[in-house]
Amino acid sequence: MRQPAYFISHGGGPWPWMPDPDGNYTNLAQALRDIPAALPQAPRAILMVSAHWITRDQVKVSGHPQPGMVYDYHGFPADTYEIHYTAPGSPRLAARVHSLLSAKDIPVSEDTRRGYDHGAFVPAYVMYPKARIPMVQLSINAHFDPNWHHALGAALQPLRDENILIIGSGLSFHNMRGFNAAGAEPSARFDAWLQQSLVDQPADQRKASLARWAQAPAARICHPMEDHLVPLFVANGAAGDDPVSCIQHDTRGFGGLTISSFRFG
């Protein structure tokens with residue numbers, strides 16, 4: 001059975017371990033908890049493409065059999081720097097990713113020291129809190145080129161038929177100065193473009209639209225740097241011709257921001 005692919009808006013910092021009195025993460029938490037039951041079968045492993053691992057000239061794949069933690073957030077309570085997500089890695093999957101990318105002449109190397117960053121362990125914890133599903137991370141390239149990352153995702157597409165769940169983990173809105181009412185209008189405009197580009201268009205037009213993402217309404221307001229959008233390009237490449245559906249659509253969080261996550265297939 002073919003697994004779907006996802007692009008998820010992973011939220012800020014270690015949010016599942018913190019109070020959320022305003023309900024900013026209610027919809028995201030439910031959307032992530034719903035993913036396991038929506039899959040055709042439990043995945044053999046997860047390949048997580050996180051916006052928080054950026055490498056130059058190549059991509060890297062994590063190959064440690066029991067990855068540690070990367071607390072890549074700042075200013076949070078002390079106990080959030082003691083979180084341990086204990087899911088095993090998968091050197092076997094890392095080797096398979098290396099093989100698939102090398103076959104397409106995509107520069108790749110294995111990193112046997114890299115731990116889980118919060119773009120990986122936060123959504124994985126909400127989906128699989130018992131941490132029994134192995135997880136491997138894949139970096140994104142610092143040039144952020146949409147078509148290059150689409151080709152990266154396309155090279156990984158065979159994994160979906162090998163019971164691997166591919167997840168692009170970023171944010172559909174990522175302007176740290178705009179996580180307030182100032183971001184409401186631009187995030188709504190950009191999200192409307194995302195919905196039209198992903199959900200309402202066939203695959204070839206999706207690719208073309210994403211390649212021109214910077215021309216979308218309020219694009220550079222929502223993404224001054226597009227690192228958190230790049231995992232979407234990878235997920236869309238892995239999707240092939242499969243249709244897209246929106247699995248999370250928030251319009252009221254953080255002063256009225258519009259933020260979405262998507263399923264491919």
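The values are calculated or read from the model by the stated rules, or taken from the named source; none is laboratory data. Treat the numbers as computed from the prediction; the structure is a model and nothing was measured. In this analysis, Cβ positions are derived from the backbone assuming ideal geometry, glycine residues included, and neighbour counts consider all displayed protein chains.
At-a-glance table
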item: Candidate set from segment 1-52 (those that are assigned to a strand (DSSP E or B) and among the aliphatic types (A, V, I, L, M)); member that is farthest from the chain's Cα centre (by Cα); result: A45
item: Within segment 83-132, considering residues that are out of contact with any Leu (no Cβ under 8 Å at 6 or more places or on another chain) and among the β-branched types (V, I, T), the one nearest to P231 (Cα to Cα); result: V122
item: Residues (over 19 Å from the mean Cα position of the chain (by Cα) and farther than 17 Å from A120 by Cα) located in segment 57-90; result: D57, G75, F76, P77, A78, D79
item: Filter result (among the hydroxyl-bearing types (S, T, Y) and closer than 26 Å to L210 by Cα) within segment 1-47; result: Y6, S9
item: Sole residue being modelled with pLDDT under 95 and not small (G, A, S), chosen from P21, P36; result: P21
item: Count of segment 191-206 residues which are surrounded by 12 or more Cβ atoms within 10 Å (Cβ to Cβ) and either under 14 Å from G237 (Cβ atoms) or in contact with a Phe, Trp or Tyr (Cβ under 6 Å, 6 or more places away or on another chain) (or both); result: 3
item: Subset of segment 78-98 [of a type in the set (D, E, K, R) and either surrounded by fewer than 17 Cβ atoms within 10 Å (Cβ to Cβ) or touching a strand residue (DSSP E or B) at 6+ places or on another chain (Cβ under 7 Å) (or both)]; result: D79, E82, R92
item: Contacts under 8 angstrom Cβ, first residue in segment 240-265 being closer than 16 Å to A38 by Cα and assigned to a loop (DSSP other than H, G, I, E, B), partner of a type in the set (S, T, N, Q) and at pLDDT 95 or above, 6 or more apart; result: G265/Q3
item: Residues located in segment 166-182, provided they are surrounded by fewer than 24 Cβ atoms within 10 Å (Cβ to Cβ) and either more than 18 Å from E226 (Cβ to Cβ) or touching a residue at least 40 places away in the same chain (Cβ under 8 Å) (or both); result: H174, N175, G178, F179, N180, A181, A182
item: Residue match in segment 117-126 (condition: over 17 Å from the mean Cα position of the chain (by Cα) and either part of a strand (DSSP E or B) or under 21 Å from A42 (Cα atoms) (or both)); result: no
